Amino acid sequence: MRHHDGANERQCHDLATLGALLDRRAAEHPDRDALAFPTATISYAELAARADMVARGLLALGVQAGETVGVLLPNCPDSIAVLFGAMKVGAVPVPVSTRFRDYELTEVISHSRMRILFTDTALLHTLTATTQAVLPPRQIVVLGAAESAPDVLSEAGFHAAADRIGSTSVRRRQELVQLHDTAMVLYTSGTSASPKGAMISHEAFGRAAASTVDSRLFLTGQDRVWNALPLFHVGGITFTIACIYAGCCCCHVGLFRPDTALDHLEAQRCTVALPGFETIWLPVLNQPDFVRRDLSALRLVLAVGVPERLRDMARRLPHVVQVSCFGMTESTGFLALNHPSDTFEQRMTTGGHPLPGMQCRVVDPQTGHDVAPGTEGELLLRGPNCFTGYLHDPEFTARCFDNDGWFHTGDVAVMDDDGRVTFVSRLKDMLKVGGENVSAAEVEGFLLRHPAVHIAAVVAAPDDYYVEVPAAYLELKPGAAATEQEIVDFCLGNIATYRVPRYVRFVDEWPMSGTKIKKYMLRERIREELREKGITRAPKLLPTQEIPG
């Protein structure tokens with residue numbers, strides 16, 4: 001059995017439950033900036049005090065250890081305070097995407113058996129009568145609201161409830177929280193139709209933060225870390241926890257806009273930037289006045305994308321080390337992460353080595369046997385940063401873990417001779433076109449070479465002859481134009497014919513889950529379109545010059 005782990009790397013030295021971790025930092029550095037948003041900056045002492053208030057309020061409302069607490073809030077200090085306040089008393093926060101609407105909200109609230117939900121006046125409108133019906137009466141806390149309504153508790157009302165509970169009660173409850181307890185449930189849908197609530201323990205969050213800080217990013221209390229990911233996303237949350245572990249300041253952009261995000265990066269004199277995705281970082285780099293900005297304090301950027309784009313982005317900031325990574329919700333964010341000392345090409349083309357303690361294997365999905373280095377296969381992982389299972393779904397959890405404790409990710413990856421991991425695609429993104437395996441990610445990578453294409457997503461369309469054929473959904477760059485035939489012409493002769501998209505559709509908006517495109521919805525969209533039109537066989541591929549006039 002061939003696998004790689006980082007067990008010989010430096011291990012974490014400050015492991016604690018997350019509530020205790022925040023208390024420790026507040027005691028050590030009470031006046032140091034903990035969070036800096038464009039509209040507010042708060043110290044570690046202030047963050048800990050807000051978290052304590054939330055903890056007291058939850059106790060006053062009778063929330064028990066293990067009960068779930070929804071967090072439907074914008075990117076703001078209160079979002080972090082609610083997460084930590086709930087965890088202090090053993091409750092389990094469930095961050096909820098602010099992009100969700102009625103169906104998705106109802107699904108998550110119902111499935112998680114949410115005991116209470118925090119939101120604010122701006123987001124309250126997303127909670128319809130249908131959504132509120134699945135919550136217990138008066139268990140919606142609306143921050144920013146001065147007065148309570150029949151079905152909600154105002155911020156003032158929550159504060160009044162918290163004032164009835166002393167800090168001793170919080171300490172007693174907090175002492176019962178164990179490292180192996182579930183700290184948070186993060187819903188992940190990826191490309192599947194059924195969202196799953198990944199249960200992540202205090203230990204997993206703590207070890208993930210420690211290994212990220214101590215063995216890769218080397219953060220100190222003097223760092224200021226620019227965070228652009230939503231605080232309902234595993235990346236946004238784990239980046240913030242890593243900052244608290246390091247005792248430094250997390251400079252979150254708030255509502256992401258490229259221009260104001262760049263302002264924040266410069267004004268805060270950030271030393272590390274964590275955009276996470278090229279779709280976030282490129283718009284910042286492309287701001288008209290980017291070259292005139294003073295980013296001399298910046299030393300490290302973490303971004304994920306196709307190698308061509310990563311190289312281009314790295315060259316835009318030659319004084320900065322840019323690293324990449326590979327991770328998922330189930331690995332508590334990072335699974336693998338480049339070391340700053342890796343070569344430029346290693347940092348542009350691989351996700352790096354697994355974090356300390358995490359083990360990875362790449363296997364043949366049919367036989368389960370390990371494949372040779374450089375060969376594609378399914379990625380398996382295990383280790384202390386791994387999630388413990390899916391909430392209220394023991395059957396599916398059991399199917400995802402084998403008898404040796406390996407989690408079968410459903411991701412296609414490659415591991416090189418030195419153990420560096422590179423993500424290729426999802427297993428279900430592998431199309432079977434007339435018996436030939438086609439990687440959607442590879443076709444997407446080629447389509448991105450077209451000068452007009454900004455984002456590409458390739459899915460399987462049903463076909464009577466080939467069983468499946470590629471269908472491409474494309475978002476064009478601002479001001480760019482292209483036709484379906486132009487895209488086909490671009491592919492013909494440059495990639496194998498069976499990889500050429502038989503259907504090309506242009507979109508302005510994507511069905512999203514956090515930062516991932518919901519490909520299952522695109523598959524359903526093309527399937528329904530073809531069914532309505534009575535199309536059962538893909539059109540023959542012809543270059544423009546061969547199309548009858």
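The values are calculated or read from the model by the stated rules, or taken from the named source; none is laboratory data. Keep in mind the model is a prediction, meaning the values are calculated, not measured. Methodologically, a virtual Cβ is constructed for each residue, glycine included, from the backbone with ideal geometry; neighbour enumeration extends over all protein chains shown.
Here are some notes:
- Contact map, region 23-49: first residue part of a helix (DSSP H, G or I), second residue of a type in the set (D, E, K, R), Cβ cut-off under 7 Å, separation 6 or more or different chains; pairs are Tyr44/Arg25; Tyr44/Arg32; Ala45/Asp31; Ala48/Asp23.
- Evaluating Leu355 against the criteria (1) among the aliphatic types (A, V, I, L, M); (2) modelled with pLDDT of 95 or more; (3) not assigned by the TED database to the domain that holds Phe423 leaves one unmet condition, (3).
- Yes/no for Asp342 being touching a Gly at 6+ places or on another chain (Cβ under 7 Å) and farther than 27 Å from Asp33 by Cα: yes
- Scanning region 226-256 for residues that are of a type in the set (A, V, I, L, M) and farther than 15 Å from His29 by Cβ returns Ala228, Leu229, Leu231, Val234, Ile237, Ile241, Ala242, Val253, Leu255.
- Taking the criterion of being touching a residue at least 60 places away in the same chain (Cβ under 8 Å), surrounded by 13 or more Cβ atoms within 10 Å (Cβ to Cβ) and outside any strand (DSSP E or B), the residues of region 465-490 that qualify are Tyr466, Gln485.
- Across region 81-123, the qualifying residues are those that are of a type in the set (Ser, Thr, Tyr) and farther than 23 Å from Thr41 by Cβ, and the one among them that is surrounded by the fewest Cβ atoms within 10 Å (Cβ to Cβ) is Tyr103.
- Helices (runs of 4 or more DSSP H) contained in region 129-178 and holding at least 2 residues polar (S, T, N, Q) and within 32 Å of the chain's Cα centre (by Cα): 129-133
- Here Glu524 qualifies as assigned by the TED database to the domain that holds Leu448, under 23 Å from Asn437 (Cβ atoms), surrounded by fewer than 18 Cβ atoms within 10 Å (Cβ to Cβ) and without any contact (Cβ under 8 Å) to a residue 60 or more places away in the chain.
- Gly374, sole failed condition from (1) at positive phi; (2) crowded, with 19+ Cβ neighbours inside 10 Å: (2)
- Answer residue from region 446-462, given it is assigned to a strand (DSSP E or B) and either surrounded by fewer than 20 Cβ atoms within 10 Å (Cβ to Cβ) or on the phi > 0 side of the Ramachandran plot (or both) and is farthest from the chain's Cα centre (by Cα) among those: Pro462
- The residues of region 20-51 that are closer than 25 Å to Phe256 by Cα, surrounded by fewer than 21 Cβ atoms within 10 Å (Cβ to Cβ) and of a type in the set (A, V, I, L, M), listed by number, are Ala40, Ile42.
- Note on region 132-166: residues that are modelled with pLDDT of 85 or more and not hydrophobic (A, V, I, L, M, F, W, C) total 10.
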